[in-house]
1. Could you tell me whether ARG215 is surrounded by fewer than 16 Cβ atoms within 10 Å (Cβ to Cβ), charged (D, E, K, R), in a helix (DSSP H, G or I) and modelled with pLDDT of 95 or more?
2. Of a type in the set (A, V, I, L, M, F, W, C), within 30 Å of ASP65 (Cβ to Cβ) and modelled with pLDDT of 90 or more: which single residue out of PHE143, PHE227 fits that description?
3. Scan the stretch 49-64 for residues that are out of contact with any His (no Cβ under 9 Å at 6 or more places or on another chain), of a type outside the set (Lys, Arg) and in contact (Cβ under 8 Å) with a residue 12 or more places away in the chain and jot them down.
4. Step by step: first the residues of the stretch 67-96, then only those that are among the small types (Gly, Ala, Ser) and either farther than 23 Å from ARG215 by Cβ or in contact with a strand residue (DSSP E or B) (Cβ under 8 Å, 6 or more places away or on another chain) (or both), then the one that is modelled with the highest pLDDT. Which residue is that?
5. Being crowded, with 22+ Cβ neighbours inside 10 Å and among the hydrophobic types (A, V, I, L, M, F, W, C) is the filter here, so list the residues in the stretch 191-207 that pass it.
6. Could you tell me which residue of the stretch 152-211 is modelled with the lowest pLDDT, considering only residues that are more than 30 Å from MET134 (Cβ to Cβ) and hydroxyl-bearing (Ser, Thr, Tyr)?
7. When both residues are 6+ apart or on different chains and their Cβ atoms are under 6 Å apart, which pairs have a first residue that lies in the stretch 65-82 and is under 14 Å from LEU231 (Cα atoms), and a second that is surrounded by 11 or more Cβ atoms within 10 Å (Cβ to Cβ)?
8. Does any residue of the stretch 139-154 turn out to be over 21 Å from TRP41 (Cα atoms), without any contact (Cβ under 8 Å) to a residue 40 or more places away in the chain and under 22 Å from the mean Cα position of the chain (by Cα)?
Amino acid sequence: METITPEAAGMAADLSVWALASEADMVVKLVMGVLLLASVWCWTIIFEKSRQLQRLRAKADAFEDSFWSGGSLEELYERVGQAPDHPLAMLFTVAMREWTLATAHGTAVSETRDQASLQSRIDRVMNVAMQREMEGLERRIGFLATVGSTAPFIGLFGTVWGIMNSFQAIAGTRNTSLVVVAPGIAEALLATALGLVAAIPAVVAYNKLSGDLNRYAGRLETFAGEFSALLSRQMAERGG
């Protein structure tokens, strides 16, 4: 049975992840620190956006149930119009505000030309509101794409730098023993591993969140189209 000497045990301990990180070159440490911070920030964004989208979907479901329940739009506007707390309610609010201001004068829907003008304004304010809301939801999502595309190369830079130091150590000691070069190479490869640890979740989360945001944007567009058609019918009825 092979015995493990104290020197070998010390060498094994020195090759632990913590030991490699603490004893690495300053440049490699900087690379590792940047990658760790990027990974932490990515996970923060992932959890925040996931919870936010979950809440928005639940609020949208509840709002659409109220909207399509057959109740008065004016009463619904009174309930949510003062403080809309999700994008779907915001679209409804801006459209109803434009509708209320226009119809309050009594002449806005009296002619076909006026109806077309009001319809155009309602569609425009809903489109502007939808773009503004989606811009808010998409904020910081781009950071995931940036980390996903750059973190492997940042880690690779740390690896190249560490391997260069290892070769310099070989040249300085004139010793090619694996015991001499292994720690430096392990430190270098740790930087690449951290780059992948940061990049892979960022890429997966970016694709997932982008798909969820696109579906939510489609839901907003569908609601805006249906609500616009509903208001158009009401304008035609009042104009007739």
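1. yes
2. PHE227
3. Those that are out of contact with any His (no Cβ under 9 Å at 6 or more places or on another chain), of a type outside the set (Lys, Arg) and in contact (Cβ under 8 Å) with a residue 12 or more places away in the chain: SER50, GLN52, LEU53, GLU64.
4. Once the filter is applied, the top-ranked residue is SER69.
5. Those that are crowded, with 22+ Cβ neighbours inside 10 Å and among the hydrophobic types (A, V, I, L, M, F, W, C): ALA191, LEU194, ALA198, ALA199, ALA202, ALA205.
6. THR176
7. TYR77/MET96
8. no
The values are calculated or read from the model by the stated rules, or taken from the named source; none is laboratory data. Values in this document were obtained by computation on a predicted structure and should not be read as measured data. Cβ atoms come from the backbone with ideal geometry, glycine included; neighbour counts cover every protein chain shown.
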